[in-house]
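Scroll down for the structure; my scribbles are underneath it.
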Amino acid sequence: MRPALLVIGPSRSGSSALTAVLSMRGATLPAHLMPGGKGNERGHFEPERLERVNTAILAALGGGYWDPIAIPPAWFGSAEASTFTVTIAETIAAEYGDAPLPIIKDPRLCRLAPLYLAACAQLGLKPCAIIPLRHPGSAARSLSARDKTPAETAELLQVIELLNAERHTRDIPRAWSRYADLLEDWRSATDAIGAQLGLVWPACDAEAIEAFLTPDLRHQSVEEAGPLATHLYETALSDDEAAIRAEFGRIRAITDEHDRLIGPWQSAWRGRLAGLEGITKQQAGRIKQLEDEAAAATRRRTEAEAHWTWRITAPFRRG
């Protein structure tokens, strides 16, 4: 089976730089890449078409990129999930063809990885996960600076995405990679990833990598975050896979129970919000209709005032 690299890491974790470097070590990027943007001027190195699919999946579930609401694990076994899996598989096939080492990166994979594992199975690909790690203080600050995300929400996303990345990659080969290590010694960092996954990189464009990894890639450097985010990050840095699984499992059991208890309340409020949004849309439509009617009445008056009969009858109107 051909390996397929899935870069599954929290937002602003250095996953773009890591994916770019691995592409220079021989991994194949998709045919259509997302263009660069604020905070990622050199590019996101994400498959544009798969990003659109992922966004549509989250929207169908009532969420979005910045939405911390959990996806129920049972949903991944639903008919709707199976339909999305087929779409993902078809898109991967179209974007990567028979590339010997495709690499797929999108922070949304932290939540949607089970669909990608199923799509890889359909395509006869062997999925291998790479989980990039960056101090949650730096990552959250970077997300807030780029997208104006509230600090607490940015940190919450770091926690949720890292917990999900660990959950969804337990049954496949995976490698943990610290962003700081990539910036300090890219060769050792990528060799370590290859060793963890049992891969030998097919190429090494050292000159291109050195030119790419400039100091300005370190947008934020904040080594301070809340205790939960910090603990998860420090646990993930351990070389003891059994300890990582045990501690992440312990914490996830607590967060899963929290999600179970708060889920009905969140659903109720989301329903109320949807209702209010519907009313607001109706009112906006009515306001637009009244504005159009007022504009039409003004035009009719202007046209009437310009007509010769309006001028002739003016004295009678004053009387």
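Taking segment 191-211 as the range and being in a helix (DSSP H, G or I) and in contact with a helix residue (DSSP H, G or I) (Cβ under 6 Å, 6 or more places away or on another chain) as the test, the residues that pass are ALA208, ILE209. In the condition set (1) aliphatic (A, V, I, L, M); (2) out of contact with any Asp or Glu (no Cβ under 8 Å at 6 or more places or on another chain); (3) surrounded by 13 or more Cβ atoms within 10 Å (Cβ to Cβ), ALA79 is compliant with all but (3).
Give me the residue from segment 176-198 that is under 15 Å from LEU5 (Cα atoms) and of a type in the set (A, V, I, L, M, F, W, C) and, out of that set, surrounded by the most Cβ atoms within 10 Å (Cβ to Cβ).
Checked segment 176-198; the qualifying residue surrounded by the most Cβ atoms within 10 Å (Cβ to Cβ) is ILE193.
Residues in segment 140-193 that are basic (Lys, Arg), over 19 Å from the mean Cα position of the chain (by Cα) and farther than 19 Å from ALA236 by Cα: ARG187 alone. Taking every residue in segment 161-173 that is under 12 Å from ALA246 (Cα atoms) and pairing it with any residue that is outside any helix (DSSP H, G or I), at least 6 positions away or on another chain, the pairs with Cβ-Cβ distances below 8 Å are GLU166/ILE131. Which residues, counting only those in segment 118-153, are over 14 Å from LEU5 (Cα atoms) and free of Cβ contacts under 8 Å to residues at least 24 places away in the same chain? Passing the criteria: SER144, LYS148, PRO150, ALA151, GLU152.
Scoring CYS110 on the criteria (1) free of Cβ contacts under 8 Å to residues at least 24 places away in the same chain; (2) part of a helix (DSSP H, G or I) leaves a single failure, condition (1). A single member of THR55, THR19 is touching a strand residue (DSSP E or B) at 6+ places or on another chain (Cβ under 9 Å) and assigned to a helix (DSSP H, G or I), and it is THR19.
Candidates in segment 1-16 are the residues that are surrounded by fewer than 22 Cβ atoms within 10 Å (Cβ to Cβ) and part of a strand (DSSP E or B); of these, the one that is modelled with the highest pLDDT is PRO3. Looking only at residues in segment 48-75 that are modelled with pLDDT under 90 and aromatic (Phe, Trp, Tyr), the one that is nearest to LEU261 (Cα to Cα) is TRP66. When the residues of segment 238-255 are filtered to those that are closer than 19 Å to ALA74 by Cβ and without any contact (Cβ under 8 Å) to a residue 60 or more places away in the chain, the one that is surrounded by the fewest Cβ atoms within 10 Å (Cβ to Cβ) is ALA253.
Just so you know, in segment 246-267 the residues that are modelled with pLDDT of 85 or more and among the small types (Gly, Ala, Ser) include one that is farthest from ILE69 (Cα to Cα), and it is ALA246. Can we say GLU224 is charged (D, E, K, R), within 26 Å of the chain's Cα centre (by Cα) and closer than 28 Å to ALA145 by Cα? Considered against the rule, which asks whether it is charged (D, E, K, R), within 26 Å of the chain's Cα centre (by Cα) and closer than 28 Å to ALA145 by Cα, GLU224 comes out as yes.
Residue check: is THR91 free of Cβ contacts under 8 Å to residues at least 12 places away in the same chain, among the polar types (S, T, N, Q), over 27 Å from ARG178 (Cα atoms) and not in a loop (DSSP other than H, G, I, E, B)?
So THR91 does not fit the description; no.
The values are calculated or read from the model by the stated rules, or taken from the named source; none is laboratory data. Only a predicted model underlies this, so the values are computations on that prediction, with no experimental measurement involved. Backbone-built Cβ (ideal geometry, glycine too); neighbour counts: all protein chains shown.
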